[in-house]
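Okay, so here's the structure we're looking at.
The values are calculated or read from the model by the stated rules, or taken from the named source; none is laboratory data. Note that the structure is a prediction, hence the values are computed from the model and not measured. Cβ atoms come from the backbone with ideal geometry, glycine included; neighbour counts cover every protein chain shown.
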Amino acid sequence: MNPNAWLDANAGGFSHLDQDERCAIYHFALLWSLLEAKLLETHGSPGAILDAVERIRAANRLDLASLAEPLAHFRARYWQDGKLTARFDGLNMAAKQVRTVQPVLAGHDDPAAGLSALLLIVHRLRNNLFHGPKWSYGIADQRENFENANLVMIGAMDMYRPLIVD
C-alpha cells in the first residue's frame with residue numbers, strides 16, 4: 001500500500017495537508033536524521049546540541065546572519081508583547097533550555113546563543129513530531145515551522161561541514 005494513501009485514511013489531519021506541508025515534514029525528518037548523525041554524533045539531545053554549537057564556535061564557523069529568516073520566524077511565533085507565547089509553551093521545553101532560548105527570542109543576538117536556541121527549538125519540534133503531540137491537532141499550522149526548522153538544520157550543517165571527518 002502507498003504510505004500517503006494509508007496516512008490519508010488513518011492519520012487524523014494528514015489528508016488536509018497540501019503537498020508543500022507534506023514535503024516540509026518529509027524533509028524535516030530526513031534532515032533531522034542527517035543532523036543527528038553528523039552534527040550531534042548520533043546523540044539527539046540538548047547537551048549534544050550545545051556541544052556541537054561550541055565546536056562550531058571554537059572553529060570560528062558561526063554565522064547567525066545566514067539564519068536571519070528562521071530566527072525572525074521563531075521570534076515572531078514564540079515571543080510577543082515582551083513574553084513567551086502559548087505556542088512556545090506547546091514546545092514543552094525544559095526549564096534549562098528555556099533559559100537559553102528566551103533571551104534569544106527576546107532579541108539577544110549572541111551568535112552561539114542564537115544557534116543554540118534555534119537548534120533547541122528544532123529539537124523540540126522533532127520531539128513533538130516523533131513522539132506524537134503534533135498529531136493531537138492533525139499537524140495543522142506547521143508548514144512554516146518545519147520549513148524554517150529545515151533552514152536551521154541546513155545552515156548548522158553548512159557551518160559544521162568543514163569540521164566533519166567522513
The condition from (1) among the small types (Gly, Ala, Ser); (2) under 20 Å from Asp141 (Cα atoms); (3) at pLDDT below 95 that Ala72 misses is numbered (3)
Any hit, the range 18-30, residues being within 26 Å of Ala106 (Cα to Cα) and at pLDDT 95 or above
yes
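For the range 77-102, give me each residue that is of a type in the set (Lys, Arg) and either in contact with a helix residue (DSSP H, G or I) (Cβ under 9 Å, 6 or more places away or on another chain) or not in a helix (DSSP H, G or I) (or both).
Correct list: Arg77, Lys83, Arg87, Lys96.
Test Leu34 against the stated conditions and say whether it is within 14 Å of the chain's Cα centre (by Cα) and under 17 Å from Asn128 (Cα atoms). Give the derivation first.
Values: within 14 Å of the chain's Cα centre (by Cα): yes; under 17 Å from Asn128 (Cα atoms): no.
So Leu34 does not fit the description; no.
Evaluate the range 73-86: report whether one residue or more is in contact with an Asp or Glu (Cβ under 7 Å, 6 or more places away or on another chain) and farther than 16 Å from Ala29 by Cα. If you could, list the steps in order and put the result at the bottom.
Of the residues in the range 73-86, the ones in contact with an Asp or Glu (Cβ under 7 Å, 6 or more places away or on another chain) are 73.
In the following step, the residues that additionally are farther than 16 Å from Ala29 by Cα were identified as 73.
Yes, the range 73-86 contains a residue that is in contact with an Asp or Glu (Cβ under 7 Å, 6 or more places away or on another chain) and farther than 16 Å from Ala29 by Cα.
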Can you name every residue in the range 37-47 that is touching a helix residue (DSSP H, G or I) at 6+ places or on another chain (Cβ under 8 Å) and in a helix (DSSP H, G or I)?
Lys38, Pro46
